[in-house]
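The values are calculated or read from the model by the stated rules, or taken from the named source; none is laboratory data. Keep in mind it's a predicted model, so treat the numbers as computed, not measured. Here the Cβ positions follow ideal geometry from the backbone for every residue, glycine too, while neighbour counts run over all protein chains shown.
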Amino acid sequence: MTLASHAKVIANSLLLRLVPNYRNWKMRRDWDRRARAAPREMTATFDAASWDAYWASGVRDAWIILEALGAAYDPAHTVLESGCGLGRLSEALAERFRSVVGIDVSGEMVRQARALSRRRNVTYLEADGSSLRVAEDASPDVIVAWTVFRHLPRPVMESYVAEAARLLDRGLLVFEVQHRPGARQRAAPDFNTIMEREYDRDALESLRRSNGFRWATTRVLPSAEPDTETWLVVWERTVGSLDIDLQQVGGHPPVVRTP
Ligand SMILES: C[S@@+](CC[C@H](N)C(=O)[O-])C[C@H]1O[C@@H](n2cnc3c(N)ncnc32)[C@H](O)[C@@H]1O
């Protein structure tokens, strides 16, 4: 580590501790910069070669989500995509659901998503970076976070799960995370807004329990990062904690591997 980068780490750690809202401010600034510099690459690195490839990848990922939802899929549902970027996935989901609200911490992403949008049943909104307040009037049935949780500081990821539980009396939280089988999961400093964090089952399990979700399914998808997997997780919230407790009897559902 050079002296300059060492100084940066110390400065960021101090600012995080001393300045209220520094983390949210930094997430917004960093992602605004990425949105201006290379929006397609920063939101879908491996599908950024052309706009055609980019939008087609959104359709592909929407199908992966629909497949994971299985019988829980309902075209009458409203979806909230947290961390929607340019709307790559939101636009594709809007073809399959009644309506979609895409929210993002980056005002620049939201501005570009609105300009690119081709659908009337999608709305894009700028968010505060750790809550879903901006979208609560939409009363979503399904909340999706796709290639977002892996980039978030852990307290922010946990805040989004708690927010999802708050908004969903009954409904589904669908998210993907990176997982490193048989090894220590990679972490990152809280001020780092891009480095991929990894999660194991125990960490997710404790988060699920504390927020009253039922574990509906896990799909294991290929990952571009060596020695890791992508987990697509679907958690369900039903009305009443007794209901949830009873459904937890029997342990985790099986993991389904998608080649
Ligand atoms: C890798 S991109 C994925 C975009 C989109 N989900 C997709 O699949 O095309 C991550 C997105 O999350 C957004 N993001 C990062 N931190 C966020 C936060 N704390 N709250 C909301 N959005 C955030 C970024 O601005 C960026 O648009």
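Residues in the stretch 195-228 that are of a type in the set (A, V, I, L, M) and exposed (fewer than 13 other Cβ atoms within 10 Å of the Cβ): 195, 224. Entry remark, the stretch 25-55: residues being of a type outside the set (D, E, K, R), assigned to a helix (DSSP H, G or I) and within 12 Å of the ligand (Cβ to nearest atom) number 11 in total.
Of the candidates 66, 15, the single residue that is more than 13 Å from the ligand (Cβ to nearest atom), assigned to a helix (DSSP H, G or I) and under 15 Å from residue 144 (Cβ atoms) is 66. Across the stretch 90-108, not a single residue is classified as closer than 20 Å to residue 152 by Cβ, among the aliphatic types (A, V, I, L, M), assigned to a helix (DSSP H, G or I) and within 13 Å of the ligand (Cβ to nearest atom).
Condition first: buried (at least 20 other Cβ atoms within 10 Å of the Cβ) and of a type in the set (D, E, K, R). Now tell me which residues in the stretch 145-183 satisfy that. Selection gives 150, 163, 176. Out of 58, 87, one residue alone is modelled with pLDDT of 95 or more, in contact with a strand residue (DSSP E or B) (Cβ under 8 Å, 6 or more places away or on another chain) and within 15 Å of the ligand (Cβ to nearest atom). It is 87. Within the stretch 70-84, being within 13 Å of the ligand (Cβ to nearest atom) and part of a loop (DSSP other than H, G, I, E, B) holds for 83, 84. Residue pairs whose Cβ atoms lie under 9 Å apart, sitting 6 or more positions apart in sequence or on different chains, and linking a residue in the stretch 147-166 that is in contact (Cβ under 8 Å) with a residue 40 or more places away in the chain and near the ligand (Cβ under 9 Å from one of its atoms) to a partner that is basic (Lys, Arg) and assigned to a helix (DSSP H, G or I), are 153/23; 156/23; 157/150. In the stretch 70-119, the qualifying residues are those that are small (Gly, Ala, Ser) and closer than 20 Å to residue 193 by Cα, and the one that is surrounded by the most Cβ atoms within 10 Å (Cβ to Cβ) is 102. Selection within the stretch 111-130: residues that are near the ligand (Cβ under 9 Å from one of its atoms) and not acidic (Asp, Glu). The member of this set that is nearest to residue 28 (Cα to Cα) is 129. Across the stretch 184-194, the number of residues qualifying as out of contact with any strand residue (DSSP E or B) (no Cβ under 9 Å at 6 or more places or on another chain), exposed (fewer than 15 other Cβ atoms within 10 Å of the Cβ) and of a type in the set (A, V, I, L, M) comes to 1. Pairs are defined by a Cβ separation below 7 Å, a sequence spacing of at least 6 or placement on different chains, a first member in the stretch 87-112 that is without any contact (Cβ under 8 Å) to a residue 60 or more places away in the chain and of a type in the set (S, T, N, Q), and a second member that is more than 10 Å from the ligand (Cβ to nearest atom) and in a strand (DSSP E or B); the pairs so defined are 90/100; 90/122; 99/78.
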